[in-house]
1. Tell me, what is the 1.4 Å probe accessible area of A:ILE30, in Å² to the nearest 10?
2. Among the aspartates and glutamates, which fall within straight-line cross-link reach of A:LYS74, defined as a Cα-Cα distance under 16 Å, with same-chain neighbours fewer than 8 residues apart omitted?
3. Lys/Arg Cβ at +1, Asp/Glu Cβ at -1, dipole of the range B:1-107 taken about the Cα centre: which of B:SER100, B:LEU74, B:PHE39 is farthest positive-ward?
4. Under the rule that an exposed site lies in a DSSP loop and has at most 16 other Cβ atoms within 10 Å, name the longest stretch of chain B with no trypsin sites (Lys or Arg not before Pro) of that kind, not counting the sites themselves.
5. Which pairs in the list A:LYS44/B:LYS49; A:LYS76/B:LYS17; A:LYS29/B:LYS50; A:LYS76/B:LYS153; A:LYS24/B:LYS5 are over 32 Å apart, alpha-carbon to alpha-carbon?
6. Looking at chain A, which longest stretch skips every one of the trypsin sites (Lys or Arg not before Pro) that is in a DSSP loop with at most 10 other Cβ atoms within 10 Å, leaving the sites themselves out?
Amino acid sequence: MKADVTLDCFGLLCPMPIISTSQKIKELKIGQILEVTATDEGIKADLPAWCKATGQEFLGVEEKNGEFFAYVRKVKE
Amino acid sequence: MDKEKFNIVVFSGDLDKVLAAFILATTSASMGMEVNMFFTFWGLNVLRKKKLTSGRNILQKMMNFMNMGGADRLPLSKFNMLGLGPMMMKIMMKQSKIPSIEEFVRMSKDLGVKMIACTTTFSFMGFQKDDFIDGIDDFAGAATFLQLVREGKISYFI
């Protein structure tokens, strides 16, 4: 998936990827896609949960060799 | 629309429990909730400056000397072993890139988490405001917290 902005959370454990995502998303414009890269498997469940709570759109997560690439579209401020 | 409220009583001053409280506080703030942390009893140690002691009378001074304050001096609830446990835990946290409690306090402030200090513990232990770090939003009692709980979506006691 093509993202507008990438947030590197490799090596970070819960809750840091989520806290960083909530900060980073503020820099995006509506409609842009944020890619969150992480090694903590929790991202698979946590990012959709965060999206549900904040109203952002969760686009999916890909796993490659123990690395996770998760995508969020900013749909609101 | 008002934000949903998440309230936590931080009663414990143990490193592991306080860590859990801050993980939930920072995450819920990131999820767009209004977070209130009510520090009481041992939990107030998180917000205390590192001082030799404090208090107005001899018993309070003795108690506050034994009950050391400071976010980086919290004991573990298990395997404290005269400080060896927390020392090991802090190294392990660093290795796993988990922020320290001090960093969590700063991060919580940045995320807009409201910190309330319990006035009863204050008087009881003989603390002064200047025994505490800057950034405490409010000094209040049980009624204030209970009103937050009444309005709250989630409330925890740790």
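1. For A:ILE30, the solvent-accessible surface is approximately 100 Å².
2. Straight-distance partners of A:LYS74: A:ASP4, A:GLU27, A:GLU35, A:GLU57.
3. Looking along the dipole axis, the top candidate is B:LEU74.
4. Numbers: sites that count: B:LYS3, B:LYS49, B:LYS50, B:LYS51, B:ARG56, B:LYS78, B:LYS97, B:LYS153.
Here the longest run is B:98-152.
5. A:LYS44/B:LYS49; A:LYS76/B:LYS17; A:LYS29/B:LYS50
6. On the way: sites that count: A:LYS2, A:LYS29, A:LYS76.
Excluding the exposed sites themselves, the longest stretch runs over A:30-75.
The values are calculated or read from the model by the stated rules, or taken from the named source; none is laboratory data. Computed from a predicted structure; not experimentally measured. Because the Cβ atoms are built from the backbone with ideal geometry, glycine has one as well, and the counts that use them run over all protein chains shown. Ligands, DNA and RNA are stripped out before the accessible areas are found, and what is left, the full protein with its side chains, is counted by its heavy atoms. Shrake-Rupley method; radii C 1.70, N 1.55, O 1.52, S 1.80 Å.
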